[in-house]
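K.L.:
If you scroll down you'll find the structure; I have some questions about it.
Since every read-out is calculated from the coordinates, none of them should be taken as a lab result. Small disclaimer: the values here were computed from a predicted structure and weren't measured. Using ideal geometry, Cβ is built from the backbone for each residue, glycine included, and neighbour counts are taken over all protein chains shown.
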Amino acid sequence: MKNIVTFQRLLEETRSSNKRIYEVFQELESYMLERSIEDVRQLMKRNLNVMAASVRDGLSHYGPSPSGMSGELAQKILRRYQNPNKSAFNPLLGKILTYAVAVSEENQRMGRVVACPTAGACGIMPSVLIAYAEEYGFNEEEQVNALITAGAIGKIIAQQMELAGAVGGCQAECGVASAMAAGAVVELMGGTNEQIVHAATLALKNIMGLVCDPVAGLVEVPCIKRNGFLAIHAVTASEMALAGVESFIPPDEVVKAVKQVGVLMSPLLKENSEGGLAITETAKKVVPQP
Amino acid sequence: MIGPSSSHTAGAIRIGLFARKIFGKNPEKVLFRLYNSFAKTGLGHGTDKGLLGGVLGFNVDDSRIKNSFYYAREQGVAYNFEYLARDDRYPNSVDIIFMDTNNNVLMEISGKSVGGGEVQIDKVDGFNTDIRGDYPVLIMVYKDQKGVISNISKLIQDQNVNIATINCERKEKNQEAVLTICLDSVLSIETVEEIRKLPDMYMVRNIDKLEE
């Protein structure tokens, strides 16, 4: 069995074998890890459980963060959707926004999360998966299928570029998380393999250039709220793809472009807290207290 | 994993844990040299706690990471951190220097964190390595001479284990050399002992792949 490192190869493989992306990838992972497909899925179930727990933990913590920059953000959002009088978001989107922020807050306080693909972007995947499952009743197996689909997207991108803010900026973290989540949603909603890849591509393409400028070197501002924004961004991409909208630039070329933008990005804007929001007047007054 | 950063916390923990396994015993004193992004945002990202926690043997899911400094003191491990900026080093990189209580350097290991918790150990005592924890790995330091690699590979073959990659480097002829072998499955303790008994072996470490 040959490793798959491009989206083009992935789609060719799904066409020739007449399989879903998750089927191709669970076979590949099973081969690579020398474990059974059942074991691979079990590993994903474990991740899914940690994701669900991180949503619960994130929502059950009160009080401000040690730095004073955030705290109880998810609760605030949750309260809005408990009384959805004139909200622009339906309950599904309300949940996604709430959960993404909750998990990211949990990460900020050194709680237990699933890096997906990274910890800075850990709110995006769980929020989308769990909110869709709750609202539409997707069972565990269907969620695992979506998670493996997201994993396939993340792994293909990770084989082309390094997923660290210090190397590629936030586009390599929250951007990739958003691409993974967009693909996962299309899998859940029964879209085609091509639509899954286009959803991921659209999400990635439209977040290109996003810098990593964390205030006081903490994974807090702008990271926590950004997870909420990019979770919704993923849904936007999935909706377009499910409607049949395709990325004009093919997926593998978009990944190359994102990688290039990461290289061109100034190191001041790559997780060094030496540019952007990190050097604003207000940011300079913040004392890092992780 | 425990937050807040996969590259700066989880990656740091795994580099520390890897370094501990290569060093092969409980450390007495450790100096961490953090470079570039590790140095600049490491404090907020818990990189220092992560590196130290890894060296103490904690894994990425261990909630003791938050209190690594406390556990180091409790275990009597002295530690120090230096923060440096160097253009010739990777953005997220660190040197871990193990010392005895008299400040003699026992071993120096360099690593980098490439994102999502993935790491690479790129130097052991000045030798270049490419250890990523995705395969079980055998690391050996020995006196450069004829037939060593063939003897080692014979023992590995005898156990019916496949060699995935092999990397060898020496300082100069007949001096210290390092051999890193990534394997498709884990060697038995007996085979590792056989390798350890080969002539002029200074160090043998058999390290399983990193946990997911």
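K.L.:
In whole Hz, what ³J(HN,Hα) sequence does the range A:87-99 give by Karplus (6.51, -1.76, 1.60; θ = phi - 60°), x for Gly and Pro?
P.N.:
6, 6, 8, 7, x, 4, 5, x, 5, 4, 4, 4, 5
K.L.:
Counting partner chain Cβ atoms within 10 Å of every residue's Cβ in B:97-110, what's the average? Present the calculation step by step, with values, prior to reporting the outcome.
P.N.:
Working: counts 0, 0, 0, 0, 0, 0, 0, 0, 0, 0, 0, 0, 0, 0.
Taking the mean over all residues of the peptide, I get 0.
K.L.:
Quick check: pseudo-label points 7 Å beyond the Cα along Cα→Cβ at B:Ser188 and B:Ala164, how many nm apart are they?
P.N.:
Between B:Ser188 and B:Ala164, the simple spin-label model gives 2.2 nm.
K.L.:
Here is a further query. Taking R0 as 41 Å, what's the FRET efficiency between B:Lys171 and B:Leu84 from their Cβ-Cβ distance, rounded to 0.05?
P.N.:
Numbers: r = 25 Å, r/R0 = 0.62.
Working from the Cβ atoms, E equals 0.95.
K.L.:
Residue by residue through the range B:6-12, what is 3J(HN,Hα) from phi via Karplus (6.51 cos²θ - 1.76 cosθ + 1.60, θ = phi - 60°)? Round to whole Hz and write x for glycine and proline.
P.N.:
The phi angles translate into 6, 7, 8, 10, 4, x, 5 Hz.
K.L.:
In which sequence would A:Cys174, B:Cys182 go, from the one with the fewest C-beta neighbours within 10 Å to the one with the most? Can you show the working numbers first?
P.N.:
On the way: A:Cys174 31, B:Cys182 19.
Exposure proxy ranking, most exposed first: B:Cys182, A:Cys174.
K.L.:
Only Cα pairs under 8 Å and at least 6 apart count here; give the relative contact order of chain A as a rounded whole percent. Let's see the in-between values first.
P.N.:
Numbers: 518 pairs, mean separation 58.6, N = 290.
Reported as a whole number, the value is 20 percent.
K.L.:
Among the trypsin sites (Lys or Arg not before Pro) in the range B:1-85, which ones are in a DSSP loop with at most 12 other Cβ atoms within 10 Å of the Cβ? Mind listing them?
P.N.:
Taking the range B:1-85 and a limit of 12 other Cβ atoms within 10 Å, the loop trypsin sites (Lys or Arg not before Pro) found are B:Lys25.
K.L.:
Something else now. Can you tell me the orientation of helix A:21-33 relative to chain A, as the angle in degrees between its alpha-carbon axis and the longest Cα principal axis, to the nearest 10?
P.N.:
For helix A:21-33, the angle is close to 90 degrees.
K.L.:
Taking the Cα centre of the range B:6-125 as the origin, how large is its charge dipole in debye, to the nearest 20, when only Lys and Arg (+1) and Asp and Glu (-1) carry charge on their Cβ atoms? Let's see the in-between values first.
P.N.:
Details: 15 positive and 14 negative charges, 42 e Å.
The calculation lands at about 200 debye.
K.L.:
Between A:Gly111, A:Gly169, A:Gly123, find the one with the highest GNM mean-square fluctuation for chain A; connect C-alpha pairs within less than 10 Å.
P.N.:
In this elastic network of chain A, the residue with the biggest mean-square fluctuation among A:Gly111, A:Gly169, A:Gly123 is A:Gly111.
K.L.:
Another question, if that's okay. If you build a Gaussian network model of chain A, linking Cα atoms that sit under 10 Å apart, which residue out of A:Glu12, A:Glu140, A:Glu72 swings the most?
P.N.:
Highest fluctuation of the listed residues: A:Glu12.
K.L.:
Would you mind computing, in nm to one decimal, how far apart the modelled labels at A:Thr282 and A:Ala257 are, each placed 7 Å from Cα along Cα→Cβ?
P.N.:
Inter-label distance under the simple model: 3.3 nm.
K.L.:
What is the set of long-range amide H partners of B:Asp122 at a cut-off below 5 Å, with H atoms built 1.01 Å from backbone N?
P.N.:
B:Ser110, B:Gly111, B:Lys112
K.L.:
Within 10 Å of each candidate Cβ there may be at most 10 other Cβ atoms; applying that plus a DSSP loop requirement, which trypsin sites (Lys or Arg not before Pro) in the range B:109-150 survive? Please report the intermediate quantities before stating the final value.
P.N.:
On the way: sites: B:Lys112, B:Lys123, B:Arg132, B:Lys143, B:Lys146; in loops: B:Arg132, B:Lys146.
Those satisfying the criteria are B:Lys146.
K.L.:
Could I ask something else about it? How many Cβ atoms of partner chains, on average, are near each residue of A:267-273 if near means within 10 Å of its Cβ? Kindly include the intermediate steps, with their values, before the conclusion.
P.N.:
Values: counts 6, 0, 0, 4, 11, 8, 6.
Going residue by residue through A:267-273 and averaging, the value is 5.
K.L.:
Let me confirm one metric for peptide B:40-52, namely the mean number of other chain beta-carbon atoms within 10 Å of its residues' beta-carbons.
P.N.:
Working: counts 9, 15, 3, 7, 14, 11, 4, 2, 1, 2, 0, 0, 0.
Partner Cβ neighbours, averaged per residue: 5.
K.L.:
Quick one: what are the phi-derived ³J(HN,Hα) couplings along the range B:157-171, Karplus 6.51/-1.76/1.60 with θ = phi - 60°, whole Hz, x for glycine and proline?
P.N.:
Listing the rounded values in order: 5, 4, 8, 6, 10, 8, 8, 7, 9, 9, 9, 10, 8, 10, 6 Hz.
K.L.:
Next question, about the same structure. Kindly put A:Thr192, A:Thr14, A:Thr98 in sequence by how many other C-beta atoms sit within 10 Å of each C-beta, fewest to most.
P.N.:
Numbers: A:Thr192 17, A:Thr14 21, A:Thr98 28.
Listing A:Thr192, A:Thr14, A:Thr98 from fewest to most nearby Cβ atoms yields A:Thr192, A:Thr14, A:Thr98.
K.L.:
Would you grab the residues whose amide H sits under 5 Å from the one on B:Glu82? Only those 5+ places off in sequence or on another chain, please, with H modelled 1.01 Å from N.
P.N.:
B:Phe32, B:Arg33, B:Leu34
K.L.:
Are there trypsin sites (Lys or Arg not before Pro) in the range A:228-290 that DSSP puts in a loop and that have at most 10 other Cβ atoms within 10 Å, and which ones? Mind dumping the intermediate values first?
P.N.:
Values: sites: A:Lys256, A:Lys259, A:Lys270, A:Lys284, A:Lys285; in loops: A:Lys285.
Qualifying residues, ordered by number: A:Lys285.
K.L.:
Under 8 Å for C-alpha pairs, at least 6 residues apart: give me the relative contact order for chain B, rounded to a whole percent. Walk me through the numbers before you get to the answer.
P.N.:
Values: 458 pairs, mean separation 43.3, N = 212.
Relative contact order here is 20 percent.
K.L.:
Follow-up question, since we're still on this one. Where a Cα-Cα gap under 21 Å defines reach, which lysines qualify for A:Lys205, not counting those fewer than 8 residues away within the same chain?
P.N.:
Partners within reach: A:Lys155, A:Lys225, A:Lys256, A:Lys259, A:Lys270.
K.L.:
Take A:Leu202, A:Leu93 and order them by how many other Cβ atoms sit within 10 Å, fewest up front.
P.N.:
With the fewest neighbours first, A:Leu202, A:Leu93 line up as A:Leu93, A:Leu202.
K.L.:
Compare the Cα positions of A:Gly71, A:Gly111, A:Ser30 along the charge dipole of chain A (+1 at Cβ of Lys, Arg; -1 at Cβ of Asp, Glu; about the Cα centre) and return the one farthest towards the positive end.
P.N.:
Selected residue: A:Gly71.
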